[in-house]
1. Could you say whether any residue in segment 27-46 is under 18 Å from Pro187 (Cα atoms), in contact with a Phe, Trp or Tyr (Cβ under 7 Å, 6 or more places away or on another chain) and at pLDDT 95 or above?
2. Let me confirm something: among Val322, Val266, Val255, which residue is in contact (Cβ under 8 Å) with a residue 60 or more places away in the chain and touching a Cys at 6+ places or on another chain (Cβ under 6 Å)?
3. Please determine whether any residue of segment 292-307 is part of a loop (DSSP other than H, G, I, E, B) and more than 30 Å from Ala199 (Cα to Cα).
4. Considering only segment 407-464, state which residues are basic (Lys, Arg) and open to solvent by 60 Å² or more (accessible area, probe 1.4 Å).
5. Mind checking which residues of segment 174-193 are outside any loop (DSSP other than H, G, I, E, B) and open to solvent by 30 Å² or more (accessible area, probe 1.4 Å)?
6. Just give me the residues in segment 1-15 being out of contact with any Pro (no Cβ under 9 Å at 6 or more places or on another chain), closer than 21 Å to Ala71 by Cβ and more than 7 Å from the ligand (Cβ to nearest atom), in sequence order.
7. Quick one: which residue in Phe283, Phe295 is under 30 Å from Glu235 (Cβ atoms), outside the structural domain of Arg176 (by TED's automatic domain parsing), within 16 Å of the ligand (Cβ to nearest atom) and open to solvent by 70 Å² or more (accessible area, probe 1.4 Å)?
8. Just to check your reading of the model, which residue among Asp383, Asp356, Asp362 is under 13 Å from Glu419 (Cβ atoms) and open to solvent by 50 Å² or more (accessible area, probe 1.4 Å)?
Amino acid sequence: MRVCVIGTGYVGLVTGACLAHVGHDVICVDNNEEKVKIMKSGQSPIFEPGLSEIMQNAIKNGKIQFTTDLAAGVTHGEILFIAVGTPPLSSGESDTRYVEAVARGIGSHLNGGYKVIVNKSTVPIGSGDWVRMIVLDGIAERQKTLVSAGSGVSTPEQLSEITAEFDVVSNPEFLREGSAVYDTFNPDRIVLGSNNSRAVEMMKQLYAPIVERQFAEDKSLEPVPVLVTDLSSAEMIKYAANAFLATKISFINEVANICDRVGADVTQVAKGIGLDSRIGNKFLNAGIGWGGSCFPKDVSALVHTADDYGYEAQLLKAAVSVNERQRLIALEKLQHALKILKGKTVGLLGLTFKPDTDDMRDAPALNLIEQLNRLGAKVKAYDPIISQTGMRHGLSGVVVETDAERLADGCDALVLVTEWQQFSNLDYAKMAKLMNNPVIIDGRNFLDPETMVRAGFQYEGIGR
Ligand code: NAD
């Protein structure tokens, strides 16, 4: 099928590349010229395991193109994905201006046969109908422009030809950064929100190779469940899923804080409750709190939507406030271990909000750097990806080192912020010797306490 993906960030580029990989003809549109240039050269502008390889294959097979030209993308696609960012405003609600600009742009270029416009961006509940309205506005503007330009088009019949048949579908995205390509080929489910069977059928045809597990790791599995709902329910599923996962982490962090006080080990508690099939063992890792580009903004947006309807989402607000406190827990532990932080040097192992990504949006490390600077500590960091990509992330108040031993050199304490796999194999004994004071706060309960003590560290986990 012919597909256009508008917005080539973590979601759009992965979606476009994976759909091209399964055999569709894809045009990816982005208004960032620099990004488009990088993608045209076969490089991925983001770090995502496996992405460059499938992009390069799709380019070689002529299945994917990159452009800044929205008109070309809209003309090409039978299915048009909107995958631009919806960052949070200071009020907590989502900033939908990029979605609006794209919807208007689609409207002003739509012409010809039936098209499905797909909201892949996480958008407030009700956005499906809103996008439809904006697209129709875009079409009306074009009609007006043609009439006033004296193009000879003026009768209602002529005007109705400059229109297009389309439907809007909500198709929320559940991929995880760091395993986005894997998640796209091995999804737990595909959600399609629409009241129109023609649009749903086209979406099912688009996803058929993935649903039938043709590109899955385990091809013998049952087909991927496809859940068809109304538009609002599909939009709500995305928010509810993220709000649930964030709440689950806040829950275990609350339990960890109580464990710390009573002398229990939260890692054993999590194992004990996770073996209960009603609870499950995922998202039960206590640590320094959730961050990233999705959980904080999606939970805040859901709280804001509830507020709009006069409903106070108390549980979600509590999940947010537990998380805000949790993001300072490493600081408390550092103060406990070092007493005064002014004049001390603290080294951060990891900067990104999770491993296997270069995404720094709302990463807990940013809070930590800001607070440590405020208290007069010098901050250094080593991150396997950020240390390579340099300061392009606009980091300030932190010296980014090129390896873990340089990081440890002269530090009064280390904080493990991100559980990068390679942090399990560092030469901690050597690092302890290089430090002024071998203290380590394991913000992800990632390291083995006994091994760290044997390496010469004073070890502190979260709730263990
Ligand atoms: P992103 O910021 O990485 O990418 C957005 C892209 O859109 C950028 O490349 C930007 O240049 C482009 N863009 C902005 N305005 C444009 C326009 N008018 N025309 C063309 N391109 C334009 O965002 P993301 O992380 O990929 O997220 C996209 C959406 O998907 C968001 O709504 C997000 O909530 C949702 N989502 C993200 C994830 C994730 O893990 N990142 C997961 C699920 C859902």
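1. no
2. That would be Val266, the only listed residue that is in contact (Cβ under 8 Å) with a residue 60 or more places away in the chain and touching a Cys at 6+ places or on another chain (Cβ under 6 Å).
3. yes
4. Lys430, Lys433, Arg454, Arg464
5. Tyr182
6. Met1, Arg2, Val3, Cys4, Val5, Thr15
7. Exactly one residue qualifies, and that residue is Phe283.
8. Criteria check complete, one pass: Asp356.
The values are calculated or read from the model by the stated rules, or taken from the named source; none is laboratory data. Here the structure is a predicted model, which means the values were calculated and not measured. As a convention, Cβ positions derive from the backbone with ideal geometry for all residues, glycine included, and neighbour counts pool all protein chains shown. Side chains are part of the model used for accessible areas, which takes the heavy atoms of the whole protein and leaves out ligands, DNA and RNA. Shrake-Rupley method; radii C 1.70, N 1.55, O 1.52, S 1.80 Å.
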